[in-house]
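The values are calculated or read from the model by the stated rules, or taken from the named source; none is laboratory data. This structure is a prediction, so every number in the text was calculated from the model and none was measured. Heads up, the Cβs are rebuilt from the backbone with ideal geometry, glycines too, and the neighbour counts pull from every protein chain shown.
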Amino acid sequence: MTLKMMLKTRMMMNPHTGRRVSRCRAAVVALVLPLSGLEAAPEEKARPLLLTEVLQSVETQYPPYLAALIEQDIANGRVRQALGSFDLNLNAGSSFSPAGYYDGQTGYAMLEQPLTNWGGSVYGGYRLSSGFLPNYNKDRTGVDGEGLLGFRIPLLRDGTIDRRRASLWQAQIDQELADPFIQRQYLDFVRAATISYYGWLASGKRLALSEALLRVARDRDSAIAEQVKNGASAPIVQVDNQRLVVSREIAVVQATRRFQAATIELSLFYRDARTAEPILAKRSRVPSAFPEHDRPGESQLTADIARALIFRPEMRRIELTLEKTGIDLRLAKNNLLPSLEVGVQAAQGVTGKTPRDIERTEVEAKIEFKVPLQRREAKGRVDVAQAQIERLNQELRFARERIAADVRDAHSALHTAHEVLQQTRRNVELAQQLANAEAERMKQGATDLLALQIREQASFDAKVLEVEAQAEYFRALANYRAAIAARN
């Protein structure tokens, strides 16, 4: 039977009091109707929904986490992009003289391979000339051309490091940087999913408590109606109880809305394993109780701080950024050096048909020295890199202090939540004893309805506080596990 039908039935049973509460009940119906269209998707079984199932959904179906995993693919692509600087290159060209005394033509095709272990490159290819060229033209070859083989090696600047290798090494560090980024996202998403789950569980428990409190008022209303009929109670007593019924019906509607909101929030993390679509968990899947929990140990705090300093992704991120900036510093210092490059090139005629002034085999050695006199750009880059390294060292120091503070604060919050939970359980016991005693006095006629209502409300408030304390404990536990970088 719907709430609207129940209200109508009660008004027919008691027409004198029905008019007095009709406006309140109309308001209740108005609150219920907008929420009646929101229902959970049908499920095969009404088994309890556990946190492990939600977290598994986060790891396999949660779009923001899947997006974070793509960061690794982006880093891999950047490494491949940096490796492109060492691709084998094909160079080809030709030249001719359309006017002038000489009418010769030359052409060449070369393959060049940059070196990854040391700056420079090796190359080889084929060169051919024809027509009339001056004797001093180095491109002049025999009739069938000649093969070339050579290398260029820098001895000072760009020897141990250059821009190409620095970009590759930094891209490889970016590959490692993707891991702390993903781990940070994972810890944040797991914490958010855990908090959302226990918020959903708490709202389900609160709704059940609100409904139980409403049932007590409704059951008592029948008894009071019988007493009024027999003249044992005044009609105003039934009016007062009916007012209480309506107020508790409103509380149920509000608790229902809170549960629906919590269900919708949880659906962002809890998804279908096949379609990855959000699932609105049915109320029947709310577990019967919160999980068991232990008192947080004081002796474990020191070990957990040490663990957090090792496994928190912030530490690894700053360390890798320091390593990446160190490459910038090495490259800047490299640019301070003069350029000293040596090279050797050998040319071999394909056949013996060569001009008399050209040897069939020729070897040429080259050396080149260059140095910028002021080197202000390189010095500026050194200053920038050194300043960045100093800044990162300060950030690393503060990160250690921040992590230790986070762990201590999360541990303190967890310990406090546990103490509050113990007190709320004692509060529930005492409030329930008072409510039971007041109900017994009511049966004996030693008290009135107002006193009983106060005791019932106090017992309800105590139980709600216990539910909130349990949810707060598990929220604090989720924050603590995130602070020490614990994986599920």
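Summary table below
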quantity	calculated
Count of residues meeting criterion [loosely packed, with under 13 Cβ neighbours inside 10 Å, within 18 Å of residue 50 (Cβ to Cβ) and either under 23 Å from the mean Cα position of the chain (by Cα) or free of Cβ contacts under 8 Å to residues at least 12 places away in the same chain (or both)] in segment 280-312	2
Verdict on residue 451 being touching a residue at least 60 places away in the same chain (Cβ under 8 Å) and either of a type outside the set (D, E, K, R) or out of contact with any Gly (no Cβ under 9 Å at 6 or more places or on another chain) (or both)	no
So residue 420, is it modelled with pLDDT of 90 or more, within 30 Å of residue 142 (Cβ to Cβ), of a type in the set (A, V, I, L, M) and in contact with an Asp or Glu (Cβ under 9 Å, 6 or more places away or on another chain)	no
Top-ranked residue in segment 213-257 [being among the basic types (Lys, Arg) and surrounded by fewer than 20 Cβ atoms within 10 Å (Cβ to Cβ); ranked as farthest from residue 199 (Cα to Cα)]	229
Selected residue [charged (D, E, K, R), in a helix (DSSP H, G or I) and in contact (Cβ under 8 Å) with a residue 24 or more places away in the chain] from 426, 408, 391	408
Subset of segment 71-130 that is of a type in the set (Ser, Thr, Tyr) and under 38 Å from the mean Cα position of the chain (by Cα) - its residue that is surrounded by the most Cβ atoms within 10 Å (Cβ to Cβ)	85
Output for segment 101-119, where each listed residue is part of a strand (DSSP E or B), in contact with a Ser or Thr (Cβ under 8 Å, 6 or more places away or on another chain) and more than 11 Å from residue 130 (Cα to Cα)	108, 112, 113, 114
Condition check for residue 472: free of Cβ contacts under 8 Å to residues at least 60 places away in the same chain, surrounded by fewer than 20 Cβ atoms within 10 Å (Cβ to Cβ) and acidic (Asp, Glu)	no
Residue selected from segment 242-261 under the condition of a type in the set (D, E, K, R) and modelled with pLDDT of 95 or more, by the criterion nearest to residue 203 (Cα to Cα)	258
Helices (runs of 4 or more DSSP H) (entirely within segment 12-93) containing at least 3 residues that are modelled with pLDDT of 50 or more	51-61, 63-83
